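K.L.:
This structure is in structure tokens; I'll ask about it shortly.
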Amino acid sequence: MADEASRLDGLADELTASVAMLLESQRERAALVLLFSTIDILGALDTSDGYASKDSFLRWADAYLQPAATLRCTATELYAARCGIVHALKASSSLSSKGAAREIAWLSSGSSTLPRDTHDPNLCVLHVGMLWQALRAGVQNFVADVKADVPRLAAVDANLTRVYVTYRSV
């Protein structure tokens, strides 16, 4: 069990440290791409087949980000934002364009003004730092939950064995 836990710890540490590094260097767009990808990756690890899907993203986000309480948005709105950011670096996505989710307007760490009318019911204003804090806490809770559940740890580790690995020549 120690090897399984250390593999999970290693991946979680690498992902969160990389998001932190991007934010510290004021690369918020790249940080958002990696932040949303981290949710996809960890959600995929917690599936029977190891593949990311909309459902695995929504499950992980609801369980570990608790967006309604921490971010004042829904997991579906985060998924819509993820689609816009990851695929086109846009605030809008097909889900938000169709009215299935509010669009998220991102406030950066240096922002002092809001990009649009915050009273728009189709808009959710979210600070990048708030999402980062929720992700960091969510990753910690996910890792702790998985480590506390031996069958779940074995299943997550089976998916971890198929995660990209860099081989170095000697």
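K.L.:
Taking the condition of being among the small types (G, A, S) and surrounded by fewer than 13 Cβ atoms within 10 Å (Cβ to Cβ), how many residues in the stretch 129-153 meet it?
P.N.:
Number satisfying all stated conditions: 2.
For every residue, the table says whether it meets (1) more than 14 Å from the chain's Cα centre (by Cα); (2) surrounded by 14 or more Cβ atoms within 10 Å (Cβ to Cβ); (3) part of a loop (DSSP other than H, G, I, E, B).
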{"site": "L23", "(1), (2), (3)": "yes, yes, no"}
{"site": "G43", "(1), (2), (3)": "no, yes, no"}
{"site": "G50", "(1), (2), (3)": "yes, yes, yes"}
{"site": "R59", "(1), (2), (3)": "no, yes, no"}
{"site": "W106", "(1), (2), (3)": "yes, yes, no"}
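K.L.:
Would you check which residues across the stretch 138-158 are in contact (Cβ under 8 Å) with a residue 60 or more places away in the chain and of a type in the set (A, V, I, L, M) and list them?
P.N.:
Answer for the stretch 138-158, where residues must be in contact (Cβ under 8 Å) with a residue 60 or more places away in the chain and of a type in the set (A, V, I, L, M): V139, V143, V146, V150, L153, A154, A155, V156, A158.
K.L.:
List every residue pair whose Cβ atoms lie under 7 Å apart, where the two residues are 6 or more positions apart in sequence or sit on different chains, the first residue falls within the stretch 1-29 and is within 14 Å of Q133 (Cα to Cα), and the second residue, located anywhere, is basic (K, R).
P.N.:
Close Cβ pairs satisfying both conditions: T16/R136.
K.L.:
Let me spell it out: the conditions are (1) part of a helix (DSSP H, G or I); (2) touching a helix residue (DSSP H, G or I) at 6+ places or on another chain (Cβ under 9 Å), and S6 meets all of them except one. Which number is the exception?
P.N.:
The number of the failed condition is (2).
K.L.:
Which of the residues spanning the stretch 60-83 are within 15 Å of H127 (Cβ to Cβ) and in contact (Cβ under 8 Å) with a residue 60 or more places away in the chain?
P.N.:
The answer is L65, P67, T70, L71.
Readers should treat all values here as calculations from the given coordinates under stated rules, not as data from a laboratory. This structure is a prediction, so every number in the text was calculated from the model and none was measured. Positions of Cβ are backbone-derived with ideal geometry, glycine not excepted, and every protein chain shown enters the neighbour counts.
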